[in-house]
1. Take peptides 168-179, 116-127 and line them up by average Cβ neighbours within 10 Å, highest first, as a rough protection proxy.
2. I'd like the FRET efficiency for LYS158 and LEU181, computed as 1/(1 + (r/R0)^6) with the beta carbon distance as r and R0 of 25 Å, rounded to 0.05.
3. With helices defined as uninterrupted DSSP H runs, which ones in the chain have an alpha carbon span along their own long axis of at least 30 Å and mean Kyte-Doolittle hydropathy of at least -1.0?
4. Solvent-accessible area of TRP139, probe 1.4 Å, all protein chains present, reported in Å² to the nearest ten, please.
5. Net charge near SER157: determine it from the other residues with C-beta under 11 Å of the C-beta of SER157, scoring Lys and Arg +1 and Asp and Glu -1.
6. For the chain, what is Rg from Cα atoms divided by 2.2 N^0.38 Å, rounded to two decimals?
7. Would you work out which of TRP139, ILE153, THR98 lies farthest towards the positive end of the dipole of the chain? Charges go on Cβ: Lys and Arg +1, Asp and Glu -1.
8. For the stretch 31-178, what is the charge dipole size about the Cα centre, in debye to the nearest 20, if Lys and Arg each add +1 at the Cβ and Asp and Glu each add -1 at the Cβ?
Amino acid sequence: MYWWFKWIVLLSLAMWIQYYRNSVSKLPRTRTKGSTHITSSNVNLTETYEFYNRAEQNKNGYSEFKLTVYSKGICGDLQIPPLKRPCTPFLHLHDDQTEKFTILQGQFSYRFGEKIYSCDSRTCPSPIIIPPLVHHTFWMHENKEDLILIIHIEPTSKDHGLRIESFENIVGVNRDKLMNLWQAFVFIDSIETYPVFLPLPFVKVLMKIGSLIGRLLGYQAEYDDYTTIDF
């Protein structure tokens, strides 16, 4: 009797997982594949990502794009604490990638390790360099004008770490309001960009386990509706 019950439970679980995967595959997604400009919201004025020279970047192993954070939108609302604004990345570090910010316009604030800095296109280092394993994030400091910057990431790979396809998919999922815990686990594990709340080895294990469950449930790091292939 025990073995029959065990197999019934396993079969029921397998059927539920298949049902869940099928539901995930049918979630409505805004098709932005091939777009050079994408935004993180269809409802609020937030930010725009502009992609360019993709083939050259893929060939030379780096990623670069222009990011505009709008001063008149919710990301420029100075009444909202910086870390709670939707355009502020969670406090994180990159496992083995270097990130560079070049400020073109606006007042930029960023956290580098335990310190917070504010500067503009005249006073910021050009570029601001964030090496691997240093926790950081950034936001708009003043909302007198839009914040415009170039983000450069190197080295990049075709199948892991932060890359243009990562931004297409993360922004797309957020725009379509489809982000949940399991999808976040899959993204974080894929882009190797880890939140700072536990020692890094524990965070990596947690993200790996969460990602395995997320993928089992049908969540992906890249979706055809969002992902532009340009080699």
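1. Details: 168-179: 19.1, 116-127: 13.9.
Peptide ranking by packing, descending: 168-179, 116-127.
2. Values: r = 27 Å, r/R0 = 1.08.
With a Förster radius of 25 Å, E is 0.40.
3. Details: long enough: 2-25 (35 Å, 0.42).
In the chain, the long hydrophobic H runs are 2-25.
4. Around 30 Å² of this residue is reachable by solvent.
5. On the way: positive: LYS158, ARG163; negative: ASP96, GLU154, ASP159, GLU165, GLU192.
Its environment carries a net charge of -3.
6. Working: Rg = 19.4 Å, N = 231, 2.2 N^0.38 = 17.4 Å.
Compactness ratio reported: 1.12.
7. Sorting the options by dipole projection puts first TRP139.
8. The dipole magnitude comes to about 260 debye.
The values are calculated or read from the model by the stated rules, or taken from the named source; none is laboratory data. Remember, it's a predicted structure, so these values are computed and weren't measured experimentally. All Cβ positions, even for glycine, are placed from backbone atoms using ideal geometry, and neighbour counts span all protein chains on display. Calculation scope for accessible area: heavy atoms of the full protein, side chains included, ligands and nucleic acids excluded. Shrake-Rupley method; radii C 1.70, N 1.55, O 1.52, S 1.80 Å.
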